[in-house]
1. Which condition from (1) under 23 Å from Glu100 (Cα atoms); (2) over 12 Å from the mean Cα position of the chain (by Cα) is the one that Asn62 breaks?
2. Among (1) more than 18 Å from the chain's Cα centre (by Cα); (2) within 16 Å of ligand 2 (Cβ to nearest atom), there is one condition Ala48 misses while meeting the rest; what is its number?
3. Tell me the helices (runs of 4 or more DSSP H) entirely within segment 289-407 that contain at least 2 residues that are among the hydroxyl-bearing types (Ser, Thr, Tyr) and either touching a helix residue (DSSP H, G or I) at 6+ places or on another chain (Cβ under 9 Å) or farther than 17 Å from Val276 by Cα (or both).
4. If we only count strands (runs of 3 or more DSSP E) wholly inside segment 122-213, which ones have 1 or more residues that are charged (D, E, K, R) and at pLDDT below 90?
5. When residues of segment 152-171 are filtered for being more than 16 Å from ligand 1 (Cβ to nearest atom), in contact with a helix residue (DSSP H, G or I) (Cβ under 8 Å, 6 or more places away or on another chain) and of a type in the set (A, V, I, L, M), how many remain?
6. Any residue in segment 54-73 that's at positive phi: show its pairings with residues that are aliphatic (A, V, I, L, M) and within 14 Å of ligand 2 (Cβ to nearest atom) at Cβ separation under 7 Å, as long as the two are six or more apart or on different chains.
7. Quick check on segment 2-31: of everything there that is touching a strand residue (DSSP E or B) at 6+ places or on another chain (Cβ under 7 Å) and buried (at least 16 other Cβ atoms within 10 Å of the Cβ), which residue is nearest to Ile64 (Cα to Cα)?
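The values are calculated or read from the model by the stated rules, or taken from the named source; none is laboratory data. Just so you know, these numbers come straight off a predicted model, no measurement behind them. Glycine gets a Cβ as well: all are built from the backbone with ideal geometry, and neighbour counts include every protein chain shown.
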Amino acid sequence: MRTPSNNPFLPGSDRVPEIWAGRAPEIADFRDVLRPRRVSGLYERGRAVLGEFGIGKSALINRIAADAAVLGDWVPARVRVAVDADVFDLVGRSLQDFLESRRTDARVGRSADGLLRRIEEVRLPAGGVRIRAGQPQPNAYRTLLDVIVEMATMAGEEGRLLLIRVDEVQNIGRPGPLSQLLTVFGDALEATRHRRDVAGIDREDALPLAIYLSGLPDFHRHAAESGATFSRRFRTAELEPLSDMDLREALSPFTGDGWRILTDDGTARVVMDTGVVEDVIGRSLGDPFLFQLAGEGAWNAGTGTVITREEGDRGWQTVRREVERYVQSRLDGLTDLQMEVLTAAAGLGAAERTGSAVAQAVGRTGSAQIASTTRALDVEHQIIRRQAGRITFRSPAVEAFLAGSWP
Ligand SMILES: Nc1ncnc2c1ncn2[C@@H]1O[C@H](COP(=O)(O)OP(=O)(O)O)[C@@H](O)[C@H]1O
Ligand SMILES: [Mg+2]
């Protein structure tokens with residue numbers, strides 16, 4: 001019946017999860033604002049989706065891309081930047097693969113050869129290294145810009161959008177490659193094409209082009225430091241933990257008609273016993289990865305069509321170590337003092353968590369004595385926020401872990 005093979009929960013994958021929760025504003029932003037505006041020739045900024053690892057950036061941009069693909073938009077494969085990778089080469093390859101896949105398409109076919117040849121100029125020589133490692137050739141900038149503009153124009157002739165995604169942007173080399181890439185993207189977003197409208201008026205339309213960047217929160221700082229026009233050309237959304245309501249909604253099939261699975265003797269429906277939904281939500285702490293883990297564990301702990309509370313508990317025990325390792329990994333690399341300050345902060349109630357109370361808890365006389373530490377934990381490590389003298393944790397999972405109040 002219920003087996004790992006028909007488990008709809010899927011932790012740690014870039015695939016769009018079957019059990020989807022929340023992110024309605026970001027999805028609506030694409031569907032109702034970004035896409036319609038761009039397709040009708042209006043300017044709209046690029047989007048940067050930033051947040052801690054595991055918060056759901058890749059899943060979100062992949063979900064948006066999947067929605068776009070259903071509408072027939074041009075959606076080259078997501079570019080995923082590894083440390084030290086040549087980002088021009090990666091973007092070039094993604095566009096190239098997309099064009100190859102559209103070669104049989106009459107409209108694309110005519111221009112494809114020329115474009116493919118031009119992309120070769122952007123890409124690294126086979127097996128080679130650029131003359132100065134990490135620095136695109138001077139004409140790579142121009143070529144990549146031309147290729148994006150031309151592809152967006154062709155997509156526009158079909159009434160479609162060209163959607164480019166670059167993930168793990170914090171890994172793009174700095175300052176050179178990052179500032180060059182942001183300049184290319186900024187210029188492509190600003191590019192226009194001439195059109196005479198039905199009333200005979202000449203217009204300069206923006207291209208049907210959407211660009212999504214995603215990565216860790218401190219990318220914002222890197223981008224600003226690269227001196228590029230990032231903050232003007234991209235609108236940044238920082239992903240927050242999912243709300244309990246989002247998670248409850250995502251699990252609603254399990255409290256309603258049941259989640260449909262195929263079995264040897266037809267279809268069956270899997271439901272969750274009373275309490276299981278709230279248990280899973282409590283264990284997730286708003287973290288989508290933990291949500292998928294808790295759900296996966298509960299599903300795999302039994303085989304019947306009803307997921308019982310006992311199975312939920314047992315499932316959580318089996319994934320528990322992995323959960324701890326996952327949360328712990330966010331604290332890796334912190335100094336002893338930083339850990340001491342964090343633990344002290346987590347030990348205080350949210351209302352009492354002021355700079356001076358935390359300072360006192362670690363044996364200092366005033367908040368000034370831990371100011372550089374809290375600053376680093378906020379700006380560099382993005383674990384806390386300092387607002388109006390108070391300290392809050394960005395991740396409820398990290399907070400619970402440090403406070404020892406882990407579900
Ligand atoms: N909106 C969501 N609803 C349900 N599960 C999600 C959602 N977003 C992400 N996940 C799950 O959480 C995990 C981490 O998501 P991912 O997108 O890889 O995070 P990030 O890219 O921020 O590191 C994945 O297993 C993914 O399936
Ligand atoms: Mg990711």
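1. Here Asn62 meets the rest and fails (2).
2. Ala48 satisfies all of (1) more than 18 Å from the chain's Cα centre (by Cα); (2) within 16 Å of ligand 2 (Cβ to nearest atom) except (1).
3. Details: elements: 309-329, 336-347, 355-361, 371-375, 396-403.
Correct list: 309-329, 371-375.
4. Numbers: elements: 162-167, 192-196, 202-206.
Because the criterion is at least 1 residues that are charged (D, E, K, R) and at pLDDT below 90, the strands (runs of 3 or more DSSP E) in segment 122-213 that meet it are 192-196, 202-206.
5. Within segment 152-171, the first condition is being more than 16 Å from ligand 1 (Cβ to nearest atom), and the residues that meet it are 152-164.
Right, trim to in contact with a helix residue (DSSP H, G or I) (Cβ under 8 Å, 6 or more places away or on another chain) and you get 152, 154, 156-164.
Now restrict to residues that are of a type in the set (A, V, I, L, M): 152, 154, 161-164.
The number of residues fulfilling the criteria is 6.
6. Gly56/Leu239
7. The initial filter retains those residues of segment 2-31 that are touching a strand residue (DSSP E or B) at 6+ places or on another chain (Cβ under 7 Å), namely 2, 6, 8, 26.
Right, trim to buried (at least 16 other Cβ atoms within 10 Å of the Cβ) and you get 2, 8, 26.
Details: Arg2: 30, Pro8: 20, Glu26: 9 Å.
Going through the qualifying residues, I end up with Glu26.
Here's the yes/no breakdown for (1) surrounded by 18 or more Cβ atoms within 10 Å (Cβ to Cβ); (2) within 29 Å of the chain's Cα centre (by Cα); (3) aromatic (Phe, Trp, Tyr); (4) within 30 Å of Leu10 (Cα to Cα):
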{"position": "Glu296", "(1), (2), (3), (4)": "yes, yes, no, yes"}
{"position": "Gly312", "(1), (2), (3), (4)": "yes, yes, no, yes"}
{"position": "Arg321", "(1), (2), (3), (4)": "no, yes, no, yes"}
{"position": "Val327", "(1), (2), (3), (4)": "yes, yes, no, yes"}
{"position": "Leu331", "(1), (2), (3), (4)": "no, yes, no, yes"}
{"position": "Gly347", "(1), (2), (3), (4)": "no, no, no, no"}
